[in-house]
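Peer 1: Got a structure for you, questions after.
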Amino acid sequence: MQNRPASSRAGLWQRLPVIGRLLIAFWAVLLAGGAAAFLFHQQKPVVLAKTTPPARPEAPPAQNASSIVSTPVPKEAVRSVSPSEVQQPAMPVAAPTVIPAKAVPPTLAAPSTAVTQQPLPSPAAASPAAVVRPPSPAVPADKTAIAIVLQGFGYSDALTYDVLSRIPAPVAVGISPYVSNIGDIIARAHASHREVYVTLPMQSAHPERVDEGPHALGYGNSAADDQRELEWCLSRATGAEGLTDASENGDDQPGGGYATSPDFAPIASFISSKGLLYLAGSAQDSRRTRGMTATAWIDGDTDAATLDSRLAALLPQDGKPTKILLMVGPVTPVMIDRLANWLKGPAAGRFVLVPPSSFVDSGIGNDQAANLLSSSPVAPL
């Protein structure tokens, strides 16, 4: 009897009927869901407020030197950063000082005096190849010394390769300043231990028949015009041993060519003052400067039989030793083939091949004058 009151003291939840329990559970779930929705709704502005600041500080890291130059920083981004961050972009402001430095080379290269203030080195120090070039071979008293210059070199890669691979190294090459890759051509010639002579374009004795190009010196030019064109040619001849008034067309200066006129004297003197040799196309050019003078011409644009006969007639028939400076041009496949055969044929026992600089003197009235042949063949224009 005493235990029954104790068991009747059940909790409030247990004393509630089933329908009461369901109502309480329903309202509890409803209140919990509403509270969760309310809290979720209240959290959205907080999340946005926290994610917004990281989006704005992203602008300062992007403010490097390149972005400042290409695209200005928006004012809003500048106002949003701290004072320490504002000073950080101020450092690349010094970058515009680099622009004048990059603009300096065109300013220095523009004046025509830029080339004259940097004289070309002397032939002995024109390039590293000049240092390693073999010395001129000794010429026995009973043999003729022959120097050869191939004019019109460098226009064709295939012919350039053939010359360098088939023609002996003492044979020099003549290059037009209009050749686009002249620096590479000069380097390749020097690598094969050859002397290089760059053609000086100038008005010929027959200007109506020979076009010397846009940088020609000659009649009708002012002194300033000639100086400008000469400087252009010197800039193209960097590393060469000298200049020449002859081209692959032949010697077009005798009989009224600009090189034979008194107006050319100061130009020739200026070339000599730069340490360059001057190779005259013929004795009629009246050379009075340090250099050499061609004694014979052979037209390379002809057939094999003609080339063979011209080469055979080159050596003196009486066997008396002499000095011959032969100019051959233009460079053609048949000319390379016939010249290569002649240089290693039976006639090779009568002469010694030397570089053109072996004949250098201070003027036509000196050492080489006695070796000039009045009947030397001249290549036709």
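Peer 1: Take the conditions in contact with a Ser or Thr (Cβ under 8 Å, 6 or more places away or on another chain), of a type in the set (A, V, I, L, M) and in a helix (DSSP H, G or I) and apply them to ALA305. Does it pass? If you could, list the steps in order and put the result at the bottom.
Peer 2: Working: in contact with a Ser or Thr (Cβ under 8 Å, 6 or more places away or on another chain): no; of a type in the set (A, V, I, L, M): yes; in a helix (DSSP H, G or I): yes.
No.
Peer 1: For LEU277, work out the one condition from (1) more than 30 Å from the chain's Cα centre (by Cα); (2) at pLDDT 90 or above; (3) closer than 28 Å to ILE186 by Cβ it doesn't fulfil.
Peer 2: For LEU277, the failing item is (1).
Peer 1: Can you tell me which residue in the stretch 317-336 is nearest to ALA296 (Cα to Cα), limited to those that are open to solvent by 50 Å² or more (accessible area, probe 1.4 Å) and not in a loop (DSSP other than H, G, I, E, B)?
Peer 2: LYS323
Peer 1: Right, GLY183: on the phi > 0 side of the Ramachandran plot and out of contact with any Asp or Glu (no Cβ under 8 Å at 6 or more places or on another chain) or not? Steps first, please.
Peer 2: Working: on the phi > 0 side of the Ramachandran plot: no; out of contact with any Asp or Glu (no Cβ under 8 Å at 6 or more places or on another chain): yes.
When the stated conditions are applied, GLY183 does not pass them.
Peer 1: Quick one: would you say LEU230 is open to solvent by less than 30 Å² (accessible area, probe 1.4 Å), in contact (Cβ under 8 Å) with a residue 12 or more places away in the chain and part of a helix (DSSP H, G or I)? Spell out how you get there, then give the answer.
Peer 2: Numbers: open to solvent by less than 30 Å² (accessible area, probe 1.4 Å): yes; in contact (Cβ under 8 Å) with a residue 12 or more places away in the chain: yes; part of a helix (DSSP H, G or I): yes.
Spelling it out, LEU230 is indeed open to solvent by less than 30 Å² (accessible area, probe 1.4 Å), in contact (Cβ under 8 Å) with a residue 12 or more places away in the chain and part of a helix (DSSP H, G or I).
Peer 1: Is the stretch 243-252 home to any residue that is of a type outside the set (Ser, Thr, Tyr), over 19 Å from PRO330 (Cα atoms) and either modelled with pLDDT of 90 or more or open to solvent by less than 40 Å² (accessible area, probe 1.4 Å) (or both)? Write out each step before concluding.
Peer 2: Of the stretch 243-252, the ones of a type outside the set (Ser, Thr, Tyr) are 243, 245-246, 248-252.
From the residues that got through so far, the ones that are over 19 Å from PRO330 (Cα atoms) too are none.
No; the residues of the stretch 243-252 include none that is of a type outside the set (Ser, Thr, Tyr), over 19 Å from PRO330 (Cα atoms) and either modelled with pLDDT of 90 or more or open to solvent by less than 40 Å² (accessible area, probe 1.4 Å) (or both).
Peer 1: Just to be sure before I move on: is LEU243 in contact with a Leu (Cβ under 6 Å, 6 or more places away or on another chain), hydrophobic (A, V, I, L, M, F, W, C) and in contact (Cβ under 8 Å) with a residue 12 or more places away in the chain in the structure I sent? First the steps, then the outcome.
Peer 2: On the way: in contact with a Leu (Cβ under 6 Å, 6 or more places away or on another chain): yes; hydrophobic (A, V, I, L, M, F, W, C): yes; in contact (Cβ under 8 Å) with a residue 12 or more places away in the chain: yes.
Spelling it out, LEU243 is indeed in contact with a Leu (Cβ under 6 Å, 6 or more places away or on another chain), hydrophobic (A, V, I, L, M, F, W, C) and in contact (Cβ under 8 Å) with a residue 12 or more places away in the chain.
Peer 1: Now a separate question. Could you list, in sequence order, all residues of the stretch 285-314 that are crowded, with 19+ Cβ neighbours inside 10 Å, closer than 30 Å to LEU230 by Cβ and not aliphatic (A, V, I, L, M)?
Peer 2: ASP285, SER286, ARG287, THR289, ARG290, GLY291, THR293, THR295, TRP297, ASP299, GLY300
Peer 1: If GLY281 meets every condition in (1) surrounded by 24 or more Cβ atoms within 10 Å (Cβ to Cβ); (2) touching a residue at least 60 places away in the same chain (Cβ under 8 Å) apart from one, which number is that one?
Peer 2: Checking GLY281 against (1) surrounded by 24 or more Cβ atoms within 10 Å (Cβ to Cβ); (2) touching a residue at least 60 places away in the same chain (Cβ under 8 Å), the one that fails is (2).
Peer 1: When the residues of the stretch 1-24 are filtered to those that are basic (Lys, Arg) and either at pLDDT 60 or above or in contact with a strand residue (DSSP E or B) (Cβ under 7 Å, 6 or more places away or on another chain) (or both), which remaining residue is least open to solvent (accessible area, probe 1.4 Å)? It would help to see each step written out before you state the result.
Peer 2: We begin by selecting, within the stretch 1-24, every residue basic (Lys, Arg); these are 4, 9, 15, 21.
Now restrict to residues that are either at pLDDT 60 or above or in contact with a strand residue (DSSP E or B) (Cβ under 7 Å, 6 or more places away or on another chain) (or both): 15, 21.
Numbers: ARG15: 148, ARG21: 73 Å².
Across the stretch 1-24, the extreme among qualifying residues is ARG21.
The values are calculated or read from the model by the stated rules, or taken from the named source; none is laboratory data. This is a predicted model, so every value here is computed, not measured. No Cβ is skipped: glycine too gets one built from the backbone with ideal geometry, and neighbour counts run over all protein chains shown. Areas reflect the complete protein model, heavy atoms only, side chains present, ligands, DNA and RNA absent. Shrake-Rupley method; radii C 1.70, N 1.55, O 1.52, S 1.80 Å.
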